[in-house]
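The values are calculated or read from the model by the stated rules, or taken from the named source; none is laboratory data. None of these values were measured; they are calculated from a predicted model. Please note: Cβ atoms are built from the backbone with ideal geometry, for glycine as well, and neighbour counts cover all protein chains shown.
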Amino acid sequence: MLVIGLIASIIGIAIALAIDWFPPLASKQAKQVSDLFDVLLVASIPVFVLVEVVVLFCVVKFRQRPGQELMDGPPIHGNTGLEVVWTAVPALLLVGLCTYTYFVLRSIEKPQPHTMVVNVTGQQFTWTFEYPQLAKGKKFNAVQLYLPKDRPVQFKVRTLDVIHDFWVPNFSIKIDAVPGITTSYRITPNRLGNYPIVCAELCGIGHSTMRGTVHVVTPQKFRAWLRSQTAPPKPPPGTSGVAAQAALGKQVFTGSAGCGACHTLADAGTSGKVGPDLDQGLKGKDVAFIRQSIVDPNAQITKGFAKGIMPQDFGQTLSKQQLGDLVTYLKQATSK
Amino acid sequence: MSAATVTADEHAHAPATPLPEAVALTVDRPDEQSRALAIFRFVLLIPQAVAVLVLAVIWAVTTIAGYLSVLVTGHYPRPLWNFNVGILRWFARVWAYAYFVTDRYAPFSGADLPEYPVRMNAEWPENGRVERWRGLFAPIVALPFTLLAVVLDVLCLLLAWIPFLSILFTRHNPRWIFSLYTFTLAFIVRATAYSDALVRRAPHFRPNLARAMWGLVLGILFSAAIDIPIRALQHYHPVVDSTAILLVALLAAPLFFLVGLGGFDYWFYWASGRRTRPEDHSGHGARSWKDYFRINTDHKVIGIQYTVTSFFFLLVGGVIAMLMRAELAAPGQQFVDSNTFNGLFSVHASILIFLFIIPVFAGIANYVLPLMIGAPDMAFPRLNALSYWLLPLAGVMMLLSFLAPGGSFATGWTAYAPLSTDAPIGQMFFTIGVQFAGASSVMTALNFLVTIITMRAPGMSFWRMPLLVWANFSTSLLVVIATPFIAASQFFVLLDRALGFNFFEAGKGGDVLMYQHVFWFYSHPAVYIMMLPGFGIISEILAVKSRKPIFGYRMMAFSLLAIVVLGFTVWAHHMFVSGMQSWIRIPMMITTAIIAVPTGIKVFSWLATMWRGVLKLDTPMLFALGFLTMFVIGGISGVMLAIIPIDIHVSDTYFIVAHIHYVLFGGSLFTIFAGVYYWFPKMTGRMFDERLGKLHFWLTFIFFNATFAPMHIIGLEGMPRRVADYSEQFAGWNLFISLSAFVLGASMLVFLWNIVSSWVAGPRAPANPWRSLTLEWQVSSPPPIFNFDTVPTVVGGPYEYGVPGAVHGIFKSPAEASKTPAKAMAP
């Protein structure tokens, strides 16, 4: 029985360690959490194997055989030594795990030098980001989250309405956004790529669609992105007038406003399914309708979609210039 | 035995047979009725109509004179009384004539005419003495009856075409119409006499479901009656607001229902100084299915009421789960929109937690526990009955929320503020429903505690109690201490929402996180409330099916108590990512980890119980073994969740959904199935089908794991919970999970078929099919009405298997019994 148990544990542990339980690890902290999880697996699997081996052994060896219908087992009431062992060993194991965890937690949450603060604001049903220390005081609200690789970040998380939770699975840390307080956590992204942002606290009908993307880029790309966010928008060279406006509007659509996360638009190459397909929904509509559907989305709802999911404050988060350019772009992109 | 406990105090107790109606009405049924009269009745009625109108005015004056007389002198003057009764008699005869009850023209007289087919007589109050307060309040006190009289009258009016056509074509009034109309007339006359202070006894209206439903209607009217004037006075517009009335009705109507059902009768009589009806337990036992729909104080009847009602809600919660899995089978929206889906998972959890797991354990214990300790019933049988009836009210309320404007409550069973304080009215069905379910739970727990402490059979020390009794004792401690906290959290939400309080308004001095602290302070002990009775059930089954004493009995009892105490110290492990002060996390991690120690002691002790036993691997045992496996997995994922960084990663993901279902389904539900199969012979007197039982087990075991094991994986990978839709990458696993879930749901049908068909027509069960030593198996299956014909004496421990001739309890008097010393128990 011991041998079987040992072999089963080893096989179990080997398989468990081989499987990649976590999504691609994109932060220093995620690696530490993943390692901690592996430790837990190594500790847990023998426990489970122990219990199961005993159960199966009992079922096989001690089952009632024909003729034993009236037989009883021996009147064993207990064994002090055994009970001490199975009280003390788990207790010690748990003390060990908790101690190890304490050190891992301290390491994960340790403040680092050169930390960049990013303000995260959750609202029903989108995230907006702000970089208070950067861009020389020029404020801008981003709907996309860009982070430079290997730079420690502290997210300061707030909410405008109900409780949300700011989570990037690939970073592995999360924290609730709570009305009335500012919560925070520290992360150091260390892998280039685009990762989903997921809201992890039920916040209403749009909870399952409240997603975003974080782009971890090289420091150079990050600086370039910052500049593009704070510099006045430049139309592509060689265009002017309406075409220039439309080009700028396309930048708003695919960039700062993040419309593609929820809407499909062939011209912009986006395929979001949360909201109506704009190729059909805006076809043939006039400028006034397009403008209203951005700043007052609940006024008219496309059949098959629900009220209250599209953020209602694009009128404030977009500048007048941006809004105008966006409308121009959409009119042009959907009238082909 | 128990019948002898009726007190001899004649003044305190009412006679066994109730007094007759204060107003007697007899109606002779006519053989044939005239066609011509049927048509011309209304013309002929005109003179009487005029007379009635004139009399009504006179009657108003004389009735008021009667009230005044009663108020001032405490007496109703005989001549005035005779006159008013006479007018009532006149009206009764006109009504009978008008409504086709008789063809004899109503006489222009109020005198008692014995030859007229309608005869009415009222009981003159003794010496004409009528309580003074009736002079002012008789009409108000009579409202429940006069309102019902109006309803019945309107019903008779609407149905009047039936006797009309029937007499026209067949010259006969159908018997059922005649009975309905005479019943209505009698009720109108009695209600009126009572309202007019002519008699001092209300019309008979036996407490039953019909009276309870009428109570419900009165409750709604009452809610409107207090809501509308208050809104008018406070200048809230619109003054008549159905949502506001609904909110008050959610609180008031269930209470009126219970009053109508008779749940409070004894206390009302006692508190008002009137004669109470003694609880001689003559209502014990159920002779027909109808007895299960009334207030019954027999713990065995209540146990079955609880268990059957709980399983009904299991089915409802399970069907909701099937709908959820149908929606989640593929990404995108297929069957239900987001709001409905959010409502589905909220109701799913609330129903299964508050209306299935917690009450079904209460039900099994209600049935088994008094038998197990040698008691004739619970300490408080009337409270027991009341605590049962609170439950269907809570369940119906939660389910009705789907019909509320704005949809059902959709904030999860956790109902976090501020989402819940801003929600539509459907939320209140949860907020208030939970109060009723919680009240039911607390009453039952109180009952168990007193029963266990005071009503054990002679010789049953605490250390000779079976572990099921220990488990329910521990659970009851948890319930009475913790449940008020969820009541508090929901009251805060109710006050914030209904009266504009600011408990959770961040800008106005409120604290959003306080909701979570108060809520989880109950809801963590709640998970132990949902597990500890199951531990007790498993201990019973493993000992009997392994034919061995429970290993380490004392530590098993102590570990239950340790879990109770420690259970109150771990609540914030549900809040590691909530934004609370970060220092709290470490102590909570430590306490959460420590709880694994007593739980581990139990698991290892169970294993040691089976070791070297003689294992009978039938259905209850299979479920017990399945429980051991599933609960260990759930416990392991639980320890992982104690570890803060892991918890931070998997909080609010499907990893949590996997953990909770391993401990609640693989844990609690498996123990419930084990217990139901185990005590089925005792409760129903029949044996279930063993092959179907095994089939049920294997289907459940396999497809349970297929459904919930992959959820660990997708949770770790990043799929959040409480989502109607998810990212494409999780589509494969979700489809697999949904298909497995459908088969799991179908496997319940095997269980249902087995239980129902066996209950109706299964082979008769012997008293002790499992050869157990505990007391409940020493009486017949099902037990005698008062449980024990002789009070048992306990002479040894409950698990003395392997000792030839050992007994736990005997049925001799203590003098005759020679004690078998309990074997030395370690440590």
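Matching residues to (1) within 14 Å of another protein chain (Cβ to nearest Cβ); (2) in contact with a Phe, Trp or Tyr (Cβ under 7 Å, 6 or more places away or on another chain); (3) at pLDDT 95 or above:
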site: A:CYS98; (1), (2), (3): yes, no, yes
site: A:PHE103; (1), (2), (3): yes, no, yes
site: A:GLN123; (1), (2), (3): yes, no, no
site: A:LEU134; (1), (2), (3): no, no, no
site: A:LYS138; (1), (2), (3): no, no, no
site: A:TYR146; (1), (2), (3): no, yes, no
site: A:ALA177; (1), (2), (3): yes, yes, yes
site: A:PRO196; (1), (2), (3): yes, no, no
site: A:LEU202; (1), (2), (3): yes, no, yes
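Among the residues of the range B:447-465 satisfying the criterion of being crowded, with 18+ Cβ neighbours inside 10 Å and not aliphatic (A, V, I, L, M), which is farthest from B:GLY536 (Cα to Cα)?
B:GLY459
Against the condition away from chain A (no Cβ under 14 Å) and surrounded by fewer than 19 Cβ atoms within 10 Å (Cβ to Cβ), how does B:THR790 come out, does it pass? If you could, list the steps in order and put the result at the bottom.
On the way: away from chain A (no Cβ under 14 Å): yes; surrounded by fewer than 19 Cβ atoms within 10 Å (Cβ to Cβ): yes.
Considered against the rule, which asks whether it is away from chain A (no Cβ under 14 Å) and surrounded by fewer than 19 Cβ atoms within 10 Å (Cβ to Cβ), B:THR790 comes out as yes.
I need every pair where a residue in the range B:781-792 that is at positive phi has its Cβ under 7 Å from the Cβ of a residue that is in a loop (DSSP other than H, G, I, E, B) and surrounded by 16 or more Cβ atoms within 10 Å (Cβ to Cβ), sequence separation at least 6 or different chains.
Sorted first by the residue in the range B:781-792, then by its partner, the pairs are B:ASN787/B:PRO376; B:ASN787/B:VAL779.
Since B:ILE486 meets every condition but one in (1) closer than 30 Å to A:VAL84 by Cβ; (2) surrounded by 21 or more Cβ atoms within 10 Å (Cβ to Cβ); (3) without any contact (Cβ under 8 Å) to a residue 60 or more places away in the chain, which condition does it not meet?
(1)
Can you name the number of the only condition in (1) more than 9 Å from chain B (Cβ to nearest Cβ); (2) assigned to a loop (DSSP other than H, G, I, E, B); (3) crowded, with 19+ Cβ neighbours inside 10 Å that A:VAL49 fails?
(2)
In the range A:26-34, is there at least one residue being more than 8 Å from chain B (Cβ to nearest Cβ), outside any loop (DSSP other than H, G, I, E, B), basic (Lys, Arg) and over 27 Å from the mean Cα position of the chain (by Cα)?
So far as the range A:26-34 goes, no, none of its residues is more than 8 Å from chain B (Cβ to nearest Cβ), outside any loop (DSSP other than H, G, I, E, B), basic (Lys, Arg) and over 27 Å from the mean Cα position of the chain (by Cα).
In the set B:SER401, B:SER420, B:SER461, B:SER441, which member is within 14 Å of chain A (Cβ to nearest Cβ) and not hydrophobic (A, V, I, L, M, F, W, C)? Break it down stepwise before answering.
Values: B:SER401 fails: within 14 Å of chain A (Cβ to nearest Cβ); B:SER461 fails: within 14 Å of chain A (Cβ to nearest Cβ); B:SER441 fails: within 14 Å of chain A (Cβ to nearest Cβ).
Only one candidate passes the filter, namely B:SER420.
Which residue, of B:THR671, B:THR599, B:THR629, is closer than 21 Å to A:VAL59 by Cβ and either within 13 Å of chain A (Cβ to nearest Cβ) or of a type outside the set (S, T, N, Q) (or both)?
Values: B:THR671 fails: either within 13 Å of chain A (Cβ to nearest Cβ) or of a type outside the set (S, T, N, Q) (or both); B:THR599 fails: closer than 21 Å to A:VAL59 by Cβ.
That would be B:THR629, the only listed residue that is closer than 21 Å to A:VAL59 by Cβ and either within 13 Å of chain A (Cβ to nearest Cβ) or of a type outside the set (S, T, N, Q) (or both).
Hey, among B:ALA249, B:ALA232, which residue is more than 27 Å from the chain's Cα centre (by Cα), in a helix (DSSP H, G or I) and either small (Gly, Ala, Ser) or under 29 Å from B:VAL85 (Cβ atoms) (or both)? Give the steps one after another, and end with the answer.
Working: B:ALA249 fails: more than 27 Å from the chain's Cα centre (by Cα).
Selected residue: B:ALA232, the only one of B:ALA249, B:ALA232 that is more than 27 Å from the chain's Cα centre (by Cα), in a helix (DSSP H, G or I) and either small (Gly, Ala, Ser) or under 29 Å from B:VAL85 (Cβ atoms) (or both).
Inside the range B:602-621, can you point out the residues that are buried (at least 20 other Cβ atoms within 10 Å of the Cβ), touching a residue at least 60 places away in the same chain (Cβ under 8 Å) and facing chain A (nearest Cβ under 7 Å)?
Across the range B:602-621, the qualifying residues are B:MET610, B:GLY613, B:VAL614, B:LEU615.
Name the single residue that is nearest to B:TYR522 (Cα to Cα) among those in the range B:400-426 being aliphatic (A, V, I, L, M) and outside any loop (DSSP other than H, G, I, E, B).
The first filter runs over the range B:400-426 and keeps only residues aliphatic (A, V, I, L, M), leaving B:400, B:403-404, B:410, B:415, B:417, B:419, B:423, B:425.
Adding the requirement that they be outside any loop (DSSP other than H, G, I, E, B) leaves B:400, B:403.
Details: B:LEU400: 25, B:LEU403: 29 Å.
Checking each candidate, the answer is B:LEU400.
Check every one of the strands (runs of 3 or more DSSP E) wholly within the range A:56-166 and list those with 2 or more residues that are polar (S, T, N, Q). Give the steps one after another, and end with the answer.
Working: elements: A:116-123, A:126-130, A:145-148, A:153-159.
The qualifying strands (runs of 3 or more DSSP E) are A:116-123, A:126-130, A:153-159.
When the residues of the range A:6-24 are narrowed to those that are away from every other protein chain (no Cβ under 11 Å) and in contact (Cβ under 8 Å) with a residue 40 or more places away in the chain, which ends up nearest to B:LEU615 (Cα to Cα)?
First, the residues of the range A:6-24 that are away from every other protein chain (no Cβ under 11 Å): A:6-18.
If we keep only those that are in contact (Cβ under 8 Å) with a residue 40 or more places away in the chain too, we end up with A:8-9.
On the way: A:ALA8: 25, A:SER9: 26 Å.
The qualifying residue nearest to B:LEU615 (Cα to Cα) is A:ALA8.
Does A:VAL118 satisfy the condition of being closer than 30 Å to A:LEU40 by Cβ and either surrounded by 13 or more Cβ atoms within 10 Å (Cβ to Cβ) or more than 9 Å from chain B (Cβ to nearest Cβ) (or both)? Walk me through how you get there before you give the answer.
Values: closer than 30 Å to A:LEU40 by Cβ: no; either surrounded by 13 or more Cβ atoms within 10 Å (Cβ to Cβ) or more than 9 Å from chain B (Cβ to nearest Cβ) (or both): yes.
When the stated conditions are applied, A:VAL118 does not pass them.
Any residue at all in the range A:95-117 that is farther than 30 Å from A:PRO219 by Cα, among the aliphatic types (A, V, I, L, M) and out of contact with any Ser or Thr (no Cβ under 8 Å at 6 or more places or on another chain)?
Yes, the range A:95-117 contains at least one residue that is farther than 30 Å from A:PRO219 by Cα, among the aliphatic types (A, V, I, L, M) and out of contact with any Ser or Thr (no Cβ under 8 Å at 6 or more places or on another chain).
Testing B:ILE713 on (1) surrounded by fewer than 19 Cβ atoms within 10 Å (Cβ to Cβ); (2) more than 13 Å from chain A (Cβ to nearest Cβ); (3) hydrophobic (A, V, I, L, M, F, W, C); (4) without any contact (Cβ under 8 Å) to a residue 60 or more places away in the chain, one condition comes back false. Which one is that?
Checking B:ILE713 against (1) surrounded by fewer than 19 Cβ atoms within 10 Å (Cβ to Cβ); (2) more than 13 Å from chain A (Cβ to nearest Cβ); (3) hydrophobic (A, V, I, L, M, F, W, C); (4) without any contact (Cβ under 8 Å) to a residue 60 or more places away in the chain, the one that fails is (2).
Given the residues B:ALA49, B:ALA60, B:ALA56, which is the only one that is closer than 26 Å to B:ILE162 by Cβ and assigned to a helix (DSSP H, G or I)?
Numbers: B:ALA60 fails: closer than 26 Å to B:ILE162 by Cβ; B:ALA56 fails: closer than 26 Å to B:ILE162 by Cβ.
Being closer than 26 Å to B:ILE162 by Cβ and assigned to a helix (DSSP H, G or I) holds for just one of B:ALA49, B:ALA60, B:ALA56, which is B:ALA49.
Restricting to the range A:63-81, what's the tally of residues that are under 30 Å from B:ARG771 (Cα atoms) and either more than 9 Å from chain B (Cβ to nearest Cβ) or at pLDDT 95 or above (or both)?
Here is the first cut: in the range A:63-81, the residues under 30 Å from B:ARG771 (Cα atoms) are A:63-80.
Subset that is either more than 9 Å from chain B (Cβ to nearest Cβ) or at pLDDT 95 or above (or both): A:66-67.
Selection size over the range A:63-81: 2.
Restricting the search to the range B:252-284, which residues are of a type in the set (Gly, Ala, Ser) and in contact with a helix residue (DSSP H, G or I) (Cβ under 7 Å, 6 or more places away or on another chain)? Lay out the reasoning, then the answer.
The first filter runs over the range B:252-284 and keeps only residues of a type in the set (Gly, Ala, Ser), leaving B:252-253, B:260, B:262-263, B:271-273, B:282-283.
Residues satisfying the conditions are B:ALA252, B:ALA253, B:GLY260, B:GLY263.
Answer yes or no as to whether A:ILE181 is in contact with a helix residue (DSSP H, G or I) (Cβ under 9 Å, 6 or more places away or on another chain), surrounded by fewer than 21 Cβ atoms within 10 Å (Cβ to Cβ) and either away from chain B (no Cβ under 13 Å) or among the β-branched types (Val, Ile, Thr) (or both).
Working: in contact with a helix residue (DSSP H, G or I) (Cβ under 9 Å, 6 or more places away or on another chain): yes; surrounded by fewer than 21 Cβ atoms within 10 Å (Cβ to Cβ): yes; either away from chain B (no Cβ under 13 Å) or among the β-branched types (Val, Ile, Thr) (or both): yes.
Yes; evaluated as a whole, the condition is true for this residue.
Would you mind finding the one in B:ALA394, B:ALA365 that is farther than 25 Å from B:PHE257 by Cβ, at pLDDT 95 or above and under 16 Å from the mean Cα position of the chain (by Cα)? Spell out the reasoning first.
On the way: B:ALA394 fails: farther than 25 Å from B:PHE257 by Cβ.
The conditions single out B:ALA365.
Got a number for residues in the range B:545-593 being of a type in the set (Lys, Arg) and within 7 Å of chain A (Cβ to nearest Cβ)?
Step one: list which residues in the range B:545-593 are of a type in the set (Lys, Arg), which gives B:545, B:547-548, B:554, B:585.
So of that shortlist, the ones also within 7 Å of chain A (Cβ to nearest Cβ) come out as B:547-548.
The total comes to 2.
Please go through the range B:640-657 and give me each residue that is at the interface with chain A (Cβ under 7 Å from one of its Cβ atoms) and either in contact with a His (Cβ under 7 Å, 6 or more places away or on another chain) or of a type in the set (A, V, I, L, M, F, W, C) (or both), ordered by number.
B:MET640, B:ILE643, B:ILE644, B:ILE646, B:ILE648
Quick test for you: out of B:ARG277, B:ARG287, pick the one residue that is out of contact with any strand residue (DSSP E or B) (no Cβ under 9 Å at 6 or more places or on another chain) and either farther than 30 Å from B:GLY135 by Cβ or surrounded by fewer than 21 Cβ atoms within 10 Å (Cβ to Cβ) (or both). Reasoning before the result, please.
Details: B:ARG277 fails: out of contact with any strand residue (DSSP E or B) (no Cβ under 9 Å at 6 or more places or on another chain).
After ruling out the rest, the residue left standing is B:ARG287.
Only one of B:ALA394, B:ALA375, B:ALA365 is within 30 Å of B:ASP265 (Cα to Cα), in contact (Cβ under 8 Å) with a residue 12 or more places away in the chain, among the aliphatic types (A, V, I, L, M) and not in a helix (DSSP H, G or I); which?
Numbers: B:ALA394 fails: not in a helix (DSSP H, G or I); B:ALA365 fails: not in a helix (DSSP H, G or I).
So the residue among B:ALA394, B:ALA375, B:ALA365 that is within 30 Å of B:ASP265 (Cα to Cα), in contact (Cβ under 8 Å) with a residue 12 or more places away in the chain, among the aliphatic types (A, V, I, L, M) and not in a helix (DSSP H, G or I) is B:ALA375.
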